[in-house]
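Bear in mind that the values in this text are calculations on the coordinates, not laboratory data. As the structure is a computational prediction, the values presented were derived from the model and not from experiment. Because the Cβ atoms are built from the backbone with ideal geometry, glycine has one as well, and the counts that use them run over all protein chains shown.
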Amino acid sequence: MCGIAGYIGNQQAAPIVLDGLSRLEYRGYDSAGIAVFDGERIRMAKAAGRLSVLEKLTDSGRALPGFCGIGHTRWATHGCPSDENAHPHMNQENTIAVVHNGIIENYRKLRAKLEKKGYVFSSETDTEVLAHMLTEYYRGDPVEAIEKVLHRVEGSYALGIMFLDHPHHIYAARRDSPLIVGVCGEGKFIASDVPALLEHTRTVYYMENEEIATLSDEHIRFYSIDGELLSKEPVTVEWDVSAAQKDGYAHFMLKEIYEQPKALRDTIFPRLKGDRIDLEDLGLSEEEIRRLSRITIVACGSAWHAGVTGKYVLEELARIPVETDLASEYRYRNPICEPDSLVIVVSQSGETADSLAALRDAKARGSRVLAIVNVVGSSIAREADSVFYTNAGPEISVATTKAYSCQLAAFYLLAAKFALVRGTIDEARAKELLSSLKKLPDQVQELLSAPDELSFLANRYLAADHVFFMGRGIDYAVSLEGSLKLKEISYIHSEAYAAGELKHGTISLMEEGTPVIAVATSDRIYPKTLSNIVEVKTRGASVLALTTPDHRDLSQVADHVLFVPKTDPLFMGSLSIVSLQLLAYYVSLGRGLDVDKPRNLAKSVTVE
Ligand code: G6P
């Protein structure tokens, strides 16, 4: 999704803004632009394509001298990716420049009104209405003009604005699209995400919905949308710079796959107090846990896949009925929220528009909302009743790996705790689960020490048109995630099926050489999955199977077998997924694709 970076201070703004934008590249974009006040005018440069095009155009920012600037990477929603549609957008007099993340939903109506008044538009974007509306309402006080505009727009926005009349100022505002303000000595920054600032500062202010900020050489001030001055405290971001750098790895995705043992340790161990799981900060009393009648897990993408595993684990251990729903469906389906139900919203970024809307809907219906979130201070974290932070650290690659793994761990901890409190498992089983949990990071480490086999196996898929994944139970949940990993970064069509469903349609697609990846780690249903593997083999499929060393017999059926170490059956997904992540990585690499920034995708989907 779009990225925003802005700087005001005593250093050249353009190189800092371009650097900030480069740190946000992972969010996905298709054009970029920058505006800098050069002492007389606001000068602008924009270009479709990668940031490197803009860097070339501006001689790495040197062609745009000045101490105050804003920049943007655009992920097209209204209007194709082009130089004209790239941000910033300026008014006709070139006195106001705007960068915007989000969508102005009533822009057609606003544009028609402005055109009637004689304003001439030079782009197809919804954002340009803001530049002209600001002109319409500006009477010398930028904050007043911004308030007036914001009262008239519907939709979401994170905004960075410059007024030529107030050259040493950046104005910012947000509603439903993240925006932070950073400070480091003389330098002040705006950014849509923390990694854009880490090089300079870890002291940030999180802007809340419908707040306006002014950054000048002297001060940072915050106002409500009604002009009331607000007092706000900065917070220190825990992440360090190296966490957002590649550290010698070829890609962020590979680095993040290898960071999984640490991320898991950081998520699991702070929750263990001796033989107990400590979830006290979630504010759920034992009585409330015992009374839980239903859990609804709501999320998007991989976080939803983590929720599919969460359902299996929570139901199995805590015996609470669980449903897992896509946030984009949940928010529009008039869901039933019973008094003793719990809604768990899962999100790496904490900013996904659909997940945030689902959270608000659940709260409005009286549900208690627990969020499993990675980004501290994100919107979902702030609005949920309680937060289980996954401590995966910053995740840059669009394809999530370590955050997903930590979401699984969060579900294991919740399920084991809920089960013990509800008396659905005994102390001995709880101990067994904890002991397996503690070993998980080392087992992932072990899997990561043998990537060569996967790099070799990946060659089998380089020319594939489709790949079918299948599994049952937790193996199915992992198949969903493995399939998504492969399709999003290799552009190979791939779908995951509950193995038992194959014969209800999909098996008609099996022919000589059809690639199938079968996950068959669960002892309990192994014979069933084995039958499904035999069924597709009989029809000519080429099968790569994942199983545990207990099922060596699979080598006689499948074309290739990958062995995954054993853990508690409920936690097997944490181990099988590692091989599938590496496989997807090597297929993408082998096809010469942009592993970290797959086309059309965004890391954080802050618009609907
Ligand atoms: C995007 C990302 C996925 C992610 C999904 C949900 O599609 O590319 O990796 O799973 O959004 O994001 P969230 O931040 O809510 O986990």
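Quick look at the values:
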| read-out | value |
| --- | --- |
| Cross-link partners of LYS603 among aspartates and glutamates (Cα-Cα below 15 Å; sequence separation of 8 or more within a chain) | GLU25, ASP30, ASP193, GLU256, GLU351, ASP354, GLU395, GLU488, ASP594 |
| Over the stretch 423-575: Kirkwood hydrodynamic radius from C-alpha pairwise inverse distances, Å | 16.2 |
| Contact order relative to length of the stretch 449-557, as percent, for alpha carbon pairs under 8 angstrom and 6 or more apart | 26 |
| For the stretch 52-100, alpha-carbon Rg over 2.2 N^0.38 Å | 1.23 |
| Rg/Rh ratio calculated on Cα atoms of the stretch 458-513 (Kirkwood radius) | 0.97 |
| Tilt relative to the chain, helix 13-23 - C-alpha long axis, 0 to 90 degrees, to 10 | 20 |
| Equivalent ellipsoid dimensions for the stretch 178-303 as semi-axes, Å, which come from the Cα gyration tensor, largest first | 33, 25, 15 |
| Global geometry of the chain, whether rounded, prolate or oblate, following the gyration tensor of its Cα atoms and the 1.5 cut on a/c | prolate |
| Amide N proximity, the stretch 592-607 versus CYS80 label position 7 Å along Cα-to-Cβ, cut-off under 17 Å | 600 |
| Descending semi-axes in whole angstrom, ellipsoid equivalent of the stretch 149-233, from the Cα gyration tensor | 20, 15, 12 |
| Cα-based reach from LYS528 at 28 Å (exclusive), listing lysines while leaving out same-chain residues under 8 positions away | LYS311, LYS485, LYS487, LYS503, LYS537, LYS566 |
| Computed FRET value (nearest 0.05) for GLU40 with VAL235, which takes r as the C-beta separation and R₀ as 41 Å | 0.65 |
| Between 0 and 90°, nearest 10: helix 402-422 axis offset from the chain longest Cα axis | 60 |
| Along principal axes, Cα extents of the stretch 375-495, largest first, whole Å | 51, 37, 27 |
| Rg/Rg_ref, the stretch 257-297, where Rg_ref = 2.2 N^0.38 Å and atoms are Cα | 1.54 |
| At R0 = 45 Å, FRET efficiency that the Cβ-Cβ distance of SER449 and ASP165 yields, to 0.05 | 0.15 |
| Cα→Cβ-extended label distance, 7 Å offset, between GLU93 and ASP247, nm | 5.2 |
| In degrees, nearest ten, helix 128-137 long axis to first principal axis of the chain (Cα) | 40 |
| Binned Cα-Cα distance frequencies in the stretch 487-608 - 10 Å width, integer % | 12, 37, 34, 16, 2 |
| Residues with amide H under 5 Å from that of TYR497, placed H, sequence gap 5 or more | PHE469, MET470, GLY471 |
| At q = 0.12, 0.19, 0.21 Å⁻¹, base-10 log of I(q)/I(0) for the stretch 241-341 (Debye sum, equal scatterers on each alpha carbon) | -0.62, -1.13, -1.21 |
| Local electrostatic count at LYS528 - Lys and Arg +1, Asp and Glu -1, tallied over other residues with Cβ under 13 Å | -1 |
| Relative counts (whole %) of C-alpha pair distances in the stretch 1-142, using bins that are 10 Å wide | 13, 43, 33, 10, 0 |
| Protection proxy ranking, peptides 159-165, 117-123, 411-417, 512-518, average beta carbon neighbours within 10 Å, highest first | 411-417, 159-165, 512-518, 117-123 |
